[in-house]
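First comes the structure, then the notes that go with it.
The values are calculated or read from the model by the stated rules, or taken from the named source; none is laboratory data. Predicted model, so just to flag it, every value in this text is computed and none were measured. Quick reminder, even Gly has a Cβ in these numbers, built from the backbone with ideal geometry, and neighbours come from all protein chains shown. Remember, those area values only see protein heavy atoms, side chains included, never the ligands or the DNA or RNA. Shrake-Rupley method; radii C 1.70, N 1.55, O 1.52, S 1.80 Å.
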Amino acid sequence: MQLRPEQLAAHLRDARGLRPLYTVHGDEPLLAQEAADAIRAAARAAGYGERQVFTVGGAHFDWSGVLGAAQAMSLFAERRLIEIRIPSGKPGKEGSQALQRYCDALPDDVLTLVQLPRLDGQQLKSGWFAALDAAGVTVRVDPVERRELPRWLAQRLAAQGQRVADGDEGERTLAFFADRVEGNLLAAQQELGKLALLYPPGVLGFEQVERAVLNVARYDVFKLGDAVLAGQVGRALQMLDGLRAEGEAPVLVHWTLAADLLALQQVKRALAAGRPLPVALREARVWGPKERLFERVLPQLGEATLARLVDAASVCDGIVKGLKHPDWPLDAWDALRRLVLLTVQALRPAGAPALALDA
């Protein structure tokens, strides 16, 4: 049984009782922590008074202790909570077999909580994960994307008796808040708690949020390319500045931008050669949300334009690695900014004002 994090609370209140095993996996620390805490609280309320924690570290972890603990009689309580934490997400061959044996013989007086990081496709298809999924409830914790963040913040504010104004002012307030905490939900929750302490329940104005909320955003370098392809010039430049402030390596930032341009060129040439778009995207290793972005921008980009952008990425690559070019900025981050602006400019509708490349 698979649940989204927002469905977990209702499930835990279900009069039919708790399931014997819960698996929480994902790479959003706040939501994973909240899901695990909710399961622990429900277990305590249901009488699971004793708790044992096993953290799997390395290939030489002794799984016999986990198997033995599940079958042992409790000394202090009739019901026990056993937590199995696998920070690497890789239990290994012995661990895989042990988890499957564990799931085949779940005792009645034990509730098990398994905590895992984000899993890749191969791990999700593994025998050990299939056994965990079949034996109980699986909660997948995904990051809150930027477009979903204002709604998430509004829900959290409502839970503490606060809300923003209706209409454009409220949307502006939530957008500002989201920009300040993007990519850092743990800090976002702290900022929400600060608002609850500073202001009474009711409507929050933009000025109140602006004064209270710190800039704690953290940006994902791999999502910068998505903002560029979406034509979101302001957001792309904000992310670029944020990555620079966080100390991200310019080489990695350039690699993500150049990889998108090379993939666009590869897909464009494949289409010109008669390849179907789904096949061309797959051959260029373009998957997920980026597929939709490619489908949208490819008709706007001619081969000559793509060739110029790839050449620009080549020049930028040299500058990032310490070379100079007479027509480009000397600073690596200024060069990356120009590459972003050149790409966004190429995606703008015909007749749109040109962007200032060195602004």
Do you know which of the residues in the stretch 315-330 that are out of contact with any helix residue (DSSP H, G or I) (no Cβ under 6 Å at 6 or more places or on another chain), open to solvent by 30 Å² or more (accessible area, probe 1.4 Å) and free of Cβ contacts under 8 Å to residues at least 40 places away in the same chain is nearest to Leu257 (Cα to Cα)? Val315
What's the total number of residues in the stretch 93-148 that are of a type in the set (Gly, Ala, Ser) and either part of a loop (DSSP other than H, G, I, E, B) or within 19 Å of Ala35 (Cβ to Cβ) (or both)? 4
Selection from the stretch 290-303 of residues that are open to solvent by less than 20 Å² (accessible area, probe 1.4 Å) and either among the aromatic types (Phe, Trp, Tyr) or not in a helix (DSSP H, G or I) (or both): Phe294, Leu301
Taking the stretch 70-88 as the region of interest, how many residues are modelled with pLDDT under 90, outside any helix (DSSP H, G or I) and open to solvent by less than 40 Å² (accessible area, probe 1.4 Å)? 3
Between a residue in the stretch 146-165 that is open to solvent by less than 50 Å² (accessible area, probe 1.4 Å) and any residue that is of a type in the set (Val, Ile, Thr) and part of a strand (DSSP E or B), which pairs come within a Cβ distance under 8 Å, given they are 6 or more apart or on different chains? Ala154/Val164; Leu157/Val164; Gln162/Val203; Val164/Val203; Ala165/Val203
Conditions (1) within 29 Å of the chain's Cα centre (by Cα); (2) open to solvent by less than 30 Å² (accessible area, probe 1.4 Å); (3) of a type in the set (A, V, I, L, M, F, W, C): number failed by Leu306: (1)
Residue in the stretch 102-111 that is of a type in the set (A, V, I, L, M, F, W, C), free of Cβ contacts under 8 Å to residues at least 60 places away in the same chain and touching a helix residue (DSSP H, G or I) at 6+ places or on another chain (Cβ under 9 Å) present: yes
Residues located in the stretch 149-192, provided they are β-branched (Val, Ile, Thr) and part of a helix (DSSP H, G or I): Thr173, Val181
So, in the stretch 259-285, how many residues would count as being surrounded by 13 or more Cβ atoms within 10 Å (Cβ to Cβ) and within 22 Å of the chain's Cα centre (by Cα)? 2
